[in-house]
Amino acid sequence: MKQALTITKMKKMKQAGEPITMLTAYDYPSAKLAEEAGIDIILVGDSLGNVVLGYDTTIPVTLDDMVYHTRATVRGATNTFVVADLSFMTYRLGIETTLRNAARLMQEGLASAVKMEGGADIADEVSALVRAGIPVMGHIGLTPQSVHQLGGYKVQGKLPKEAQQLIDDAKALEAAGAFAVVLELVTEPLAERITKELSIPTIGIGAGRACDGQVLVFHDLLQYASPYREKKFVKTYADIGSTIRTAIGSYVSEVKARVFPAEQHAFGVVEPSVEISNLYGGAGSAAADPQAAQQQPEPGNEQVQEKELQHQGGVKA
């Protein structure tokens with residue numbers, strides 16, 4: 001049986017140069033399939049706001065949303081390390097609030113760890129969570145919860161000042177006790193430098209080839225969307241969206257043409273001697289007329305024996 005990855009094992013994988021695989025999942029069947037495929041880490045990302053709930057950004061996603069989807073995901077991936085996002089404004093409001101909200105993801109959502117967007121500015125909160133026994137994965141670079149402040153989904157770290165800030169942020173998260181850091185939409189040279197300077201794993205998404213691991217969104221990997229928008233940093237491994245659309249279209253056509261259900265999809269009467277109305281308490285049955293049932297006389301021993309013989313398939317002499 002597959003054993004869940006541990007924080008200690010992740011660090012050893014970095015030291016050994018063994019890549020770490022991470023994939024988002026938001027429900028039981030997706031998580032179960034990801035686990036069966038051998039994924040190392042499942043991320044219940046607040047990206048569910050975009051790909052599951054239909055929002056334009058992750059900002060409307062609530063803590064209740066995250067708890068609900070994390071709990072469902074964990075049920076499907078009982079032997080996988082599951083990380084859950086702390087959603088917009090569930091932290092940065094004081095350490096006590098951060099602790100309470102992270103505790104909900106751990107206790108109610110059953111997550112193995114939480115993920116937070118930010119660098120040096122949230123180091124105190126990360127440290128408080130770690131001291132409380134809550135593992136934290138950091139997230140820097142393009143931080144979707146700050147998309148409006150960043151001016152859109154843009155590659156980060158192009159300018160020297162920005163690059164240095166990201167290096168400082170990564171080191172601050174490591175010092176605060178984070179066990180890994182996601183680097184999103186960061187230039188490849190910068191991601192490589194951060195990866196070399198940290199003793200904890202880096203997980204890249206749009207950050208090039210040098211990171212210690214990679215993460216993709218479930219729906220991007222499978223083109224499970226309509227319409228699907230191509231992304232430079234994503235490789236799609238299957239076009240599930242088209243398959244689903246075609247399958248549902250075939251179902252609609254067959255129902256309209258009365259092709260489905262066919263004879264093989266229908267059930268006949270198992271015992272021809274039993275009236276269908278009696279099977280379901282329909283008209284004419286005793287169950288359908290309680291008063292009539294009460295008026296029927298109790299059968300004597302002779303009648304009981306006859307009913308038992310009929311039930312057993314016998315014939316009364």
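The values are calculated or read from the model by the stated rules, or taken from the named source; none is laboratory data. Everything quoted here is computed from the prediction, not taken from an experiment. When we count neighbours, we look across all protein chains shown, and the Cβ atoms used for this are built from the backbone with ideal geometry, even at glycine.
Per-structure values
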| item | result |
| --- | --- |
| Some residue of region 97-110 being more than 21 Å from residue 81 (Cβ to Cβ) and either charged (D, E, K, R) or in a loop (DSSP other than H, G, I, E, B) (or both) | yes |
| Among residues of region 204-214, those that are in contact with a Ser or Thr (Cβ under 9 Å, 6 or more places away or on another chain), touching a residue at least 24 places away in the same chain (Cβ under 8 Å) and either crowded, with 24+ Cβ neighbours inside 10 Å or closer than 23 Å to residue 130 by Cα (or both), counted | 4 |
| Check on residue 181, within 18 Å of residue 14 (Cβ to Cβ), buried (at least 20 other Cβ atoms within 10 Å of the Cβ) and touching a residue at least 12 places away in the same chain (Cβ under 8 Å) | yes |
| Single condition residue 38 does not satisfy, out of (1) assigned to a loop (DSSP other than H, G, I, E, B); (2) surrounded by 22 or more Cβ atoms within 10 Å (Cβ to Cβ) | (2) |
| Residue in region 120-158 that is nearest to residue 102 (Cα to Cα), counting only those that are part of a loop (DSSP other than H, G, I, E, B) and without any contact (Cβ under 8 Å) to a residue 24 or more places away in the chain | 133 |
| Number of positions in region 81-96 that are outside any loop (DSSP other than H, G, I, E, B) and either touching a helix residue (DSSP H, G or I) at 6+ places or on another chain (Cβ under 7 Å) or closer than 28 Å to residue 3 by Cα (or both) | 6 |
| Subset of region 65-100 (residues that are surrounded by 20 or more Cβ atoms within 10 Å (Cβ to Cβ) and more than 19 Å from the chain's Cα centre (by Cα)) | 90, 91, 98 |
| Residue in region 193-203 that is nearest to residue 178 (Cα to Cα), counting only those that are surrounded by fewer than 17 Cβ atoms within 10 Å (Cβ to Cβ) and among the charged types (D, E, K, R) | 197 |
| Region 41-64, subset touching a residue at least 40 places away in the same chain (Cβ under 8 Å) and of a type in the set (Gly, Ala, Ser), residue surrounded by the most Cβ atoms within 10 Å (Cβ to Cβ) | 45 |
| Number of the exception - residue 155 against (1) out of contact with any helix residue (DSSP H, G or I) (no Cβ under 9 Å at 6 or more places or on another chain); (2) within 21 Å of residue 60 (Cα to Cα) | (2) |
| Some residue of region 238-250 being under 30 Å from residue 34 (Cα atoms), touching a Phe, Trp or Tyr at 6+ places or on another chain (Cβ under 6 Å) and at pLDDT 95 or above | yes |
| Some residue of region 211-232 being in contact with a Cys (Cβ under 8 Å, 6 or more places away or on another chain) and either hydrophobic (A, V, I, L, M, F, W, C) or under 15 Å from residue 14 (Cβ atoms) (or both) | no |
